[in-house]
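Structure, as structure tokens:
Just so it is clear, none of the values below were taken in a lab; they were calculated from the coordinates. Note that this is a predicted model, so its numbers are computed, not measured. Cβ coordinates were reconstructed from backbone atoms using ideal geometry, including for glycine residues, and neighbour counts include every protein chain displayed.
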Amino acid sequence: MRIVVLHGQMHKGSTYNITKLFLENLSDENTEITEFFMPEDTPSFCIGCFNCFMKGEEECPHADKVQAIVKAMDEADLIILESPCYAFGMSGQLKTLLDHLAYRWMAHRPHPKMFSKVGLVISTAAGAGTKKVTKSLKDNLFHWGVAKIYRYGKNVAASSWESVKTEKKLKIEKDVKELSGKISKEIGNVKPGLKTKLMFHIMRMGQKANDWNPTDREYWLNNGWLGASRPW
Ligand SMILES: Cc1cc2nc3c(=O)[nH]c(=O)nc-3n(C[C@H](O)[C@H](O)[C@H](O)COP(=O)(O)O)c2cc1C
């Protein structure tokens, strides 16, 4: 099994340590883990050139950094996105990466492999905001087509992992173990649900009428999705 992790920060605080707990629970000797840390691995800010949408992702001025991450995501069975809550949102450095992946949304060019993958999103906050972060991370995975997505958010009442109270850490360990058990059963066995299929259907209607972006339309045509083929 392959896992790719997109960390929303470089430091090893609560979010990193909870992610590490998940990785320990989910892995065995055959697991290959690839990790990217933002901002070290973050491409430069999106400049809004529309090249990815209109000309192809390789025409993005930041394609080198973006495509290295995309390749690892395509090869993974499980995609983990994580970020601490900053001002009720994900970290800016992770958002900058996700902006570069808008061309992979179902509205444009979702990769067929996404429809058989599992996703996990993780966030911590001091007191409030993880729901917003995990919702936003989940939305990205959903619109990429990821078939099944799990969320874990925790208010840790702390500014570092070291200062998280022992009983809270024990509860986190228990939660992570339970959720990892569920996730392990799903990996390699998932199909998209009704909501994804409905979104795909709506986007397919859009592509049938698409006379403004030939790159997207050709992609759908070549995949056979404007006919009877589906990515699941
Ligand atoms: C710039 C910044 C903004 C933050 N905004 C929030 C917030 O909106 N809500 C909240 O409860 N905690 C907020 N916090 C606290 C962190 O989300 C919290 O301490 C989190 O557990 C840190 O995760 P980490 O240890 O992985 O860095 C903020 C912290 C920073 C540095």
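Structure notes:
- Residue within the stretch 43-65 that is of a type in the set (Val, Ile, Thr) and closer than 24 Å to Met114 by Cβ present: no
- Residue within the stretch 199-217 that is touching a strand residue (DSSP E or B) at 6+ places or on another chain (Cβ under 6 Å) and within 30 Å of Phe22 (Cα to Cα) present: no
- Test result for Gly181, surrounded by 11 or more Cβ atoms within 10 Å (Cβ to Cβ) and on the phi > 0 side of the Ramachandran plot: no
- Every pair of residues 6+ apart whose Cβ atoms lie under 7 Å, when the first sits in the stretch 120-144 and is assigned to a strand (DSSP E or B) while the second is away from the ligand (no atom under 14 Å from the Cβ) and hydroxyl-bearing (Ser, Thr, Tyr): Leu120/Tyr150
- With respect to the conditions (1) free of Cβ contacts under 8 Å to residues at least 12 places away in the same chain; (2) in contact with a Gly (Cβ under 6 Å, 6 or more places away or on another chain), Lys71 falls short on a single one, namely (2).
- Here Leu141 meets the list (1) farther than 28 Å from Met1 by Cβ; (2) crowded, with 22+ Cβ neighbours inside 10 Å; (3) of a type outside the set (Val, Ile, Thr); (4) more than 14 Å from the ligand (Cβ to nearest atom) almost entirely, failing just condition (1).
- Scan of the stretch 154-182 for residues that are within 11 Å of the ligand (Cβ to nearest atom), within 18 Å of Glu24 (Cβ to Cβ) and β-branched (Val, Ile, Thr), ordered by number: Val164
- Scanning the stretch 1-33 for residues that are under 14 Å from Ser91 (Cα atoms) and either free of Cβ contacts under 8 Å to residues at least 40 places away in the same chain or β-branched (Val, Ile, Thr) (or both) yields Met10, His11, Thr15.
- The stretch 177-191 residues that are within 16 Å of Ile122 (Cβ to Cβ), paired with ones that are of a type outside the set (A, V, I, L, M) and not in a loop (DSSP other than H, G, I, E, B) (beta carbon under 7 Å, 6 or more apart): Lys177/Asn25; Leu179/Tyr150; Leu179/Tyr152; Ser180/Phe22; Ser180/Asn25; Ile183/Tyr150
- On the stretch given as the stretch 4-37, residues that are among the aliphatic types (A, V, I, L, M), surrounded by fewer than 23 Cβ atoms within 10 Å (Cβ to Cβ) and within 16 Å of the ligand (Cβ to nearest atom) total 3.
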